[in-house]
Amino acid sequence: MAVALLSTAAGTVAAGVAPMVERTDDEALRLMVEAAPSYLDRDLLFIRRADGALTPIAAATALPDQLPAPLREVTEVVWGFQRTTVALTQGVGARLVGPGVTTEPEGHPPVISFHVQTGLDRETSMVSGRPPATRADTGVVEVMVAADVADVLRVRTGGEYVAVTAGLSGHEVPIRVSGVFAARDAAAPVWQSELLLLETTLTALGDVPDAPMAVRAALVTDEVGMAVLTRPDLIREVDPLTGARIRLDAARLDHRWAAAAPAAVASAETDPRLRSWELRTRLPELLETYAGRQRSSHALTAVVVGGTGGVLLGLLVLAGWLLIDGRSRELALLRARGGSAGRVAGWLVAEAAPLTVPATGAAALATWRLLPGADPPPAAAVAAVAATAAAVTLVVPAAGVVLSRRRRRALPVRARWVLRTAVEALVLLLAVVGVVVTHQRGPTRVGVDPYLSLVPLLVAVAAGVLVLRLYPLPLRLLARLAGRARSPVGFLGLARATRAAPAAVPGLLVLVAAVALGGFASAVDVGLARARDISAAQAVGAHLRLAAAELPAEAADVAAAQPGVIAVAAASRSGELFDPATRDRVRGFDVLVVDTVAYQRVLDAVGLAYRLPDAVVTATARQPEVPILAQDAIARRDGVVLRLDGEERPVRVAGDLTGLPGPDGDRGWCSYHAGRSPTRHRSPSSSSAGQRRTLRPSPRPSPPSPATATH
């Protein structure tokens, strides 16, 4: 019965590991894709700039048919689009003028671009008017505008305006607002790459530090309107492009797809049919991150499975040994009558198989039936169950053969001592080498390594071996002391315990391995929970982060007054770095203004060990140089100045950004502005006398930057 129960347990473990691992891998991939911080992390963006003529949207929407199979088969939706470009320093773009059009904040007309995209009709509802329907013969481009954009631009349905190109020729194109729309869901995926369709921002009208600011907006037109805007005399001044944004269906992704997708993306980049299109995506980087986490997960799973399998194997050996030990006389008689070891083993296999194979198979079938996603079972699970059934079936015969040979011809005492010592030394050596290699390579960097996966089990067995070797020594000392006493009870008991210790080797080793496995599982559970909390706090920079396009100055005080809030730090992006020699802005970096004294209190309250440098925390507004945290690229530049609130001050790099928690992970910073009267962004900390400044890289655009980090 014990062998049958252990066979059932072994079959359950063998059948359930592979399906559970695959299911976990698939769910992790889908969650990672769905929670991607940017649309470029999960979508494929194809762009083709106009070369004398603008490519039709139909050509863009047909691109998925030319993709490799791993990408084509998981395509969920394709958004084809056309849009004009804004690059004022190169004379590319347009400005909107007309009756009532805003000139805030500094007396300049808004900078506009035009956009056509498929699928918007299903994502919008008309507040007033109708969608654009441009007639080519009139030359008037019809547009529709988002409600918030219309409020900022101060345009109305039916109003007629003029788009003036930014080039030297200054062409004028008549514009008519055919309607005002509202997004059904502003957080829908269709808007993720085109936020300017729903809100406005501010843009500098030059690269000089004191360049004036103007409102920046996008207007939605139709393909006929875009054709009017891209006629031969205008096409160079608006620099149009056609593109397709291809969204992959996360529900259809799995771990097999993740293994083939990077090669498919590389193939799409070199495909001659797509050579005229520029592919932009960070999907391979996302999948590389997923692969690293997958390797770590598999390595941890292998350790747990290896430990569980080792304990089950030890229990099976014990059960088989006890079962055969009760039949030792029968086995000795068989061998004495000329039975070979193979014949004895075959007889025992014939006895064990009808018990172990059905038990293992039934456990596997039940596991596959009850476990979601395990029907049909993976090939790896079937192979694992077959190997387990063979192993548990052969345990009892192996024990019988060994025991029968032992009864028939026992080894000399010295030979047994040498054999035992060699086996124990081998176990100790493997455990020590495994620990050293694990410290050097890490258990999760290379994925599943059978040897490293068994290191915890080897360490447990080695510990048990050491205990067995050292156990008799104190007992012998106590026995000598007890021998001086008058009563023989203590001496005899200790002497018997000293001699009986080796007889408990198998049971003690299995017990130590089981206890070690339980301790390992508990330690992993606590470690994962702690790592999850630290990772979340590291990414957010606090327990709670409030983010908005523009927060009022009293936002930090309001947040601090809420129940349970013990620390609040205000932050904003409201500064620029300039090279005083060339008067050019240092590109690729944004300035993040943070109240570092308050932010250090937030980090302490969250439980993060990161300490801001004293030079940054104790800085005052009266210092001649502003201490900042920056990357080496800034530290190597001389004479960089910070422009903030119209004031220029030299900076001094007081430390780097290594390990700096949040408040927005590794993403860059950018400001978005919306409202009837857009102004330059100001934060609560940027106007205080004790303001602190921290520099942060800006590798790519991001959603609106957080303005308050709250604990």
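The values are calculated or read from the model by the stated rules, or taken from the named source; none is laboratory data. Keep in mind that this is a model prediction, so the values were computed, not measured. Cβ atoms come from the backbone with ideal geometry, glycine included; neighbour counts cover every protein chain shown. Areas reflect the complete protein model, heavy atoms only, side chains present, ligands, DNA and RNA absent. Shrake-Rupley method; radii C 1.70, N 1.55, O 1.52, S 1.80 Å.
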Simple Cβ-charge dipole of region 1-95, Lys/Arg +1 and Asp/Glu -1, about Cα centre, in debye nearest 20:
500
Kindly report, to the nearest 10 Å², the accessible surface of L528 as traced by a 1.4 Å probe over protein heavy atoms only.
100
Could you go through region 418-423 in sequence order and give the Karplus-derived ³J(HN,Hα) for each residue, using 6.51 cos²θ - 1.76 cosθ + 1.60 with θ = phi - 60°, rounded to whole Hz, and x for Gly and Pro?
5, 5, 5, 4, 5, 5
3J(HN,Hα) from dihedral phi, region 434-439, Karplus parametrisation 6.51/-1.76/1.60, rounded to Hz, x for glycine, proline:
x, 5, 5, 5, 5, 5
Full-stretch length increase - L205, V140 - with 0.36 nm per residue and alpha-carbon distance subtracted
20.7 nm
Segment V515-R369, extension gain: residue separation times 0.36 nm, minus the distance between their alpha carbons
49.5 nm
Starting from the Kirkwood radius over alpha-carbon pairs of region 48-205, derive D by Stokes-Einstein at 10 °C in a medium of 1.306 mPa s and give it in µm² s⁻¹.
92
Carbon and sulfur atoms: what percent of the 1.4 Å accessible area of region 1-133 do they account for?
55
Under 5 Å between amide H atoms, partner at least 5 residues away or on a different chain: which partners does G159 have, H built in plane at 1.01 Å?
V177
Starting from the amide H of S113, placed 1.01 Å from N in the peptide plane, find each other amide H under 5 Å away whose residue is 5 or more places distant or on another chain.
A217, A218, L219
For region 304-319, take each phi angle, set θ = phi - 60°, evaluate the Karplus expression 6.51 cos²θ - 1.76 cosθ + 1.60, and give the result in whole Hz per residue in order, putting x for glycine and proline.
5, 5, x, x, 5, x, x, 5, 4, 5, x, 5, 5, 4, 4, 4
Taking 7 Å along the Cα-to-C-beta vector as the label spot, tell me the E27-T270 distance in nanometres, rounded to one decimal.
3.8
